[in-house]
1. Taking the conditions exactly as written (in contact (Cβ under 8 Å) with a residue 12 or more places away in the chain, away from the ligand (no atom under 15 Å from the Cβ), among the hydrophobic types (A, V, I, L, M, F, W, C) and not in a loop (DSSP other than H, G, I, E, B)), does residue 414 satisfy them or not?
2. From the list 437, 432, pick out the single residue that is in a helix (DSSP H, G or I) and touching an Asp or Glu at 6+ places or on another chain (Cβ under 6 Å).
3. Which of the residues spanning the stretch 501-526 are at pLDDT below 95 and in a helix (DSSP H, G or I)?
4. Every residue in the stretch 149-178 that is farther than 21 Å from residue 220 by Cβ and open to solvent by 10 Å² or more (accessible area, probe 1.4 Å), please.
5. Please enumerate the residues belonging to the stretch 199-242 that are surrounded by 13 or more Cβ atoms within 10 Å (Cβ to Cβ) and hydroxyl-bearing (Ser, Thr, Tyr).
6. Just checking, which of 597, 607 is within 21 Å of the chain's Cα centre (by Cα), within 12 Å of the ligand (Cβ to nearest atom) and part of a loop (DSSP other than H, G, I, E, B)?
7. Applying the selection to the stretch 260-282, what residues are part of a loop (DSSP other than H, G, I, E, B) and either of a type in the set (S, T, N, Q) or within 16 Å of the ligand (Cβ to nearest atom) (or both)?
8. So for the stretch 83-101 (the condition being open to solvent by 10 Å² or more (accessible area, probe 1.4 Å), farther than 19 Å from residue 23 by Cβ and in contact with an Asp or Glu (Cβ under 7 Å, 6 or more places away or on another chain)), does at least one residue qualify?
Amino acid sequence: MCGIVGYIGDREACPILMEGLSRLSYRGYDSAGVAILDADGKVNVHKAKGRLENLTALLERSPLHGTSGIGHTRWATHGEPSDRNAHPHTDSAGGIAIAHNGIIENHEALRKHLQSQGCLFTSQTDTEVVAHLLSTLYKGDMKTTLLQAMEMIHGSYALAILCDAEPDKLFCARRESPLVIGAKDGAAYIASDIPAILAHTRDVVFLQDGEIAVLSKQGVAVYNRAGVLQSPAPYHVTWDLSSAEKGGYAHYMLKEIHEQPLALQSTFTPRNVDPGDYRWLPVTAQEAKALRKITIVACGTAYHAGIFGKYVIERLSRIPVEADIASEYRYRDPIVGENELFIAISQSGETADTLAALREAKRHGAKVLAVCNVVGSTIAREVGDAHTLFTYAGPEIAVASTKAYMTQVEMMLLIALALGDMRGALPAEEAERLRGELAVLPAKAEQVLLTEKDLRRFADSMSQKRHVFFVGRGLDFALSLEAALKLKEVSYVFSEAYAAGELKHGPIALLQDGRLVVATITQPALLDKTLSNLREIKARGAMVLAVCREDLKDRVVGEVDELILIPAAEDLLAPLLAIIPLQLFAYCMAVARGCDVDKPRNLAKSVTVE
Ligand code: G6P
């Protein structure tokens, strides 16, 4: 996820672009840049690694003047955060500048082709190919060129384009990545999201997939992929700026919960290549066959994703997996044998304990991989991009992790599937079926988000509870650990997760009238066992909220007090749907209790100290 802005009018473009970028910094903040067309018709670009303040300082030292331009705040996906990789990118002559949000999937093939035509690349990004492609196709009309280029680019993009040969225009295009445009009082604006242009106009147009727009001082013109002029429906923004930055959601946590279908899709798509092609996983078939053990190490939510990983990797690949807490692993003088794989999971890529555990594993000679959400982070750099599996959740702002966790568990499934197939432990047709199911998961996740209303009502009635237990078996136990953490993090309600079969070995002593137990039920093979545990719970007077698969509903109705249903799904994938109501429950409890949802007390998003 990155932020794009564009301006054309009579005023100085730079301050308007910088103000817009500051409103979009939640979309990315590892580097930023602007390209401005000056009075002599020359495109000038300034870019700076790091927060937007670095670019501000650069522009103070060396101002850029002009009345049209584009800007970008980056969240790296291809190439580390650096001045060079920051956008805008230009063609070799420097006359065409572009800012991009999304992923160009065929960038490698395009890069080779363009290099063979003499284009000189200066960055490691997927984006730069677009600038060169436009330049090689350009015959005096950027609108036609852009439509032509879009036929050649695969992937997702929102693009803003500045072209010195057409100085009185700005261009933009959209496929899968959002883009909003607006025009008022002799000026026109482009942005990834409404907050960036809300100070200038409340009447905007959302570009649709496949559409392009040409902006000028006279207004905006939108065209479909055939180049036919459209009459897009205008949208009048009624929100204020602070809610607009959260996309209209009350909190970042809720917004990020709602971004999970997209996060799932973005993480899956680059790994959904040809059957049997696992080149995205830096483990050869030979290495996979020789693997004797996998150790997954992480902290907090990422550790819970690791426990999920243990279940699915063992199930599909038949390799023994150990999941450990990083602060424990680093000091227990771990035993690392031959043919062992070490996987560190970290959203931020900066967690001190995870980094130390990783170094410890390396010191013992383990082959290491990282699962990480932040390109250019310390862990990603330490392991190297080639050995880092990036989750494409986009920047996560709320301290309590939701969408990053979702992509981490998805990545665990993808690793399990790849290793299972490479080792011959998982029949190829079964691997294909699972991939097919993964492809439809985002749509099902959208459906699950509709449970929010019921959870809000239920949480309102439960907000005074002081203790909540979470139970489940197998993968549902792995989920319960994360659900309990989420609740305690944001609502400060004491919560504990137990393997359902373990309750009777102690915690059942705490069950009494009115205690709340949240059960997750997604595994048909364990249903009978879980139901008998629920009866033990009910017999002690506790009440049960169950998150349950639709196709198991008939067995569960009547056994619990409140039922939240998720769509029927493959056994290994249903937990990814079940986590959504559990996150929403934690969120709704926190809201009902008046907590500071996005910044819970005593917690930090990234823990860089021991
Ligand atoms: C902190 C955060 C958690 C996160 C954990 C690990 O405790 O508050 O949300 O799960 O660190 O962070 P990482 O960035 O390594 O995934």
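1. yes
2. Among 437, 432, only 437 is in a helix (DSSP H, G or I) and touching an Asp or Glu at 6+ places or on another chain (Cβ under 6 Å).
3. 501, 502, 503, 504, 505, 507, 508, 509, 510 - these are the residues of the stretch 501-526 that are at pLDDT below 95 and in a helix (DSSP H, G or I).
4. Answer for the stretch 149-178, where residues must be farther than 21 Å from residue 220 by Cβ and open to solvent by 10 Å² or more (accessible area, probe 1.4 Å): 151, 152, 154, 156.
5. Hits for the stretch 199-242 are 201, 216, 223, 235.
6. 607
7. 272
8. no
The values are calculated or read from the model by the stated rules, or taken from the named source; none is laboratory data. Please read these numbers as outputs of a predicted model, since none were measured by experiment. In this analysis, Cβ positions are derived from the backbone assuming ideal geometry, glycine residues included, and neighbour counts consider all displayed protein chains. Quick note on the areas: whole protein, heavy atoms, side chains included, nothing else; ligands and nucleic acids left out. Shrake-Rupley method; radii C 1.70, N 1.55, O 1.52, S 1.80 Å.
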